[in-house]
1. Mind pulling the per residue volume of the convex hull built on the Cα atoms of the stretch 234-391? Å³ is fine.
2. Once the piece of chain linking S375 and K186 is laid out straight, how much longer is it, given 0.36 nm per residue of separation minus the C-alpha distance between them?
3. Suppose each label sits 7 Å from its Cα in the direction of the beta carbon; what would the A272-K396 distance come out to in nanometres?
4. For every helix of n ≥ 4 consecutive DSSP H residues, a contribution of -39,500 (n - 2.57) applies; sum these over the chain, divide by its total residues, and give [θ] at 222 nm rounded to the nearest 500 deg cm²/dmol.
5. Please work out, to two decimal places, the log10 of the ratio I(q)/I(0) at q = 0.12, 0.13, 0.14 Å⁻¹ from a Debye calculation in which every Cα of the chain carries one identical scatterer.
6. Under a Cβ-Cβ cut-off of 12 Å, what is the net charge of the residues other than R170 that fall near it, where Lys and Arg count +1 and Asp and Glu count -1?
7. If we count every other residue with Cβ under 10 angstrom of L156's Cβ, Lys/Arg +1 and Asp/Glu -1, where does the sum land?
8. Students often get this wrong, so check it: of K71/K180; K30/K81; K246/K287; K30/K407; K165/K201, which have C-alpha atoms separated by over 30 Å?
Amino acid sequence: MNPKLNIAISSYRSAPYGGGQGIFIYELSKALQALGHNVDIISGPPYPNLESEINLIKSPGLDLFSTFVFKERLSMFLNRKDRTLDDWYEFFSALLGGFPEMKTFGNRLQTIICNSSYDILIDNQSISFGILEIQKSLPVLEIIHHPITKDYEYDLEFSRGIIQKISKWRWFSFLKMQKKVAPQLKAISTPSVNSKKDIVKDFSVSSKKISVIPNGIDFKVFSPKDRIPRTKDKIITTASADVPLKGLDFTLKAIAALKEEFPLLRLVIIGAPRTGGHTERLIQKLKIEANIVYKTNLTKEEIAIEYASSNIAIVSSLYEGFGFPVGEAMACSIPLIATNVASIPEITSNFAELIPSNDSKSIEVSIRKILLNPSKYQSRAEDGRKHIIENFDWEKISKSYEDLIYKIIQDFKC
């Protein structure tokens with residue numbers, strides 16, 4: 001019988017409502033704790049929501065990206081007591097347009113780990129120099145959802161002018177560190193076969209070091225709600241505004257093309273708009289302000305209700321390491337339109353309307369087909385929920401993680 005373990009899960013930031021990192025940390029820690037292990041979360045801000053039995057160890061950086069106002073950032077820095085070299089580096093790197101949190105979090109993590117008695121550290125994608133130091137004395141499993149090189153490629157592609165390109169180059173300068181660190185990591189897990197291929201290619205990692213374990217979907221929360229009526233012309237998407245990788249532009253253009261034919265059409269965007277940003281300007285240019293609704297800081301339960309009252313879900317991403325919104329929409333038995341890229345077909349199988357990326361016309365055609373023949377696509381959506389339950393159950397997935405963890409610990413001892 002395998003022993004119960006003391007497991008540390010680290011995450012440089014774990015926002016509970018935006019992006020997938022906070023969701024992943026919550027679900028993985030909950031699943032491992034349910035297997036009987038003791039689990040601590042070590043996180044930088046913003047901090048995750050966790051089950052009450054799971055301990056949160058805060059590793060507060062300067063949290064400079066909670067604001068982009070220089071005076072507020074300066075105040076955060078000056079009010080920091082006993083400033084370290086990492087604090088100075090974090091402040092000046094951010095001031096010059098960089099994103100230093102992964103590096104400084106990794107350095108601070110070393111201090112926390114060296115005074116502990118964990119059996120293993122699971123790090124959530126910091127891929128930092130600090131992790132290399134930790135793995136000299138402690139088994140480490142690095143989670144890489146996908147190489148951030150993909151975000152960089154698409155941000156460059158959609159940048160306008162040399163100034164924007166230089167800005168992107170500076171922001172993604174942490175990739176130099178990650179490309180040095182990744183090949184030296186002893187054990188990596190990633191949620192899709194596609195991500196594994198990209199990690200091997202972009203980070204020069206041996207495929208033998210990489211295990212593929214899909215993320216799970218909370219199909220108990222994300223489920224059909226019979227008491228909530230569907231709104232015929234309501235469409236839902238989850239996308240961070242002004243992040244080219246999410247392909248929101250193409251969904252917005254499809255809505256603009258359909259608004260005359262379906263004047264009551266409403267697109268609910270789960271995400272935060274950036275005031276005066278590219279997405280806001282595009283919405284104004286397309287004259288679809290009346291057709292767009294933003295909803296932010298929703299709990300899982302609230303997002304599930306939004307799905308339940310929607311008639312169609314759209315994931316128009318140009319790339320996904322693992323798309324939680326794909327699985328969540330399918331778990332809610334909502335007809336899904338999704339791009340046929342990266343890991344998405346691995347999640348959907350044949351239970352979604354798969355379309356090319358960068359193609360607003362395909363989104364438009366697919367929306368029209370579903371709105372005009374909802375019963376046909378609803379039947380497929382219900383089969384899609386069964387597919388999610390069978391293949392993306394956190395209970396089964398946690399056992400895969402547990403098996404891998406025991407192997408890593410054993411290999412470390414040899």
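1. Dividing the Cα hull volume of the stretch 234-391 by its residue count gives 99 Å³.
2. Numbers: separation 189, 0.36 × 189 = 68.04 nm, distance 4.95 nm.
Length gained, S375 through K186: 63.1 nm.
3. Result: 3.6 nm between the two label points.
4. That comes out to -13500 deg cm²/dmol.
5. Listed by q, the Debye log ratios stand at -1.01, -1.18, -1.35.
6. Neighbourhood net charge equals +2.
7. Residues near L156 contribute -2 overall.
8. K71/K180; K30/K81, as the Cα separations exceed 30 Å there.
Coordinate-derived values only; no laboratory data. All of these numbers come straight from a predicted model, not from anything done at the bench. Cβ atoms come from the backbone with ideal geometry, glycine included; neighbour counts cover every protein chain shown.
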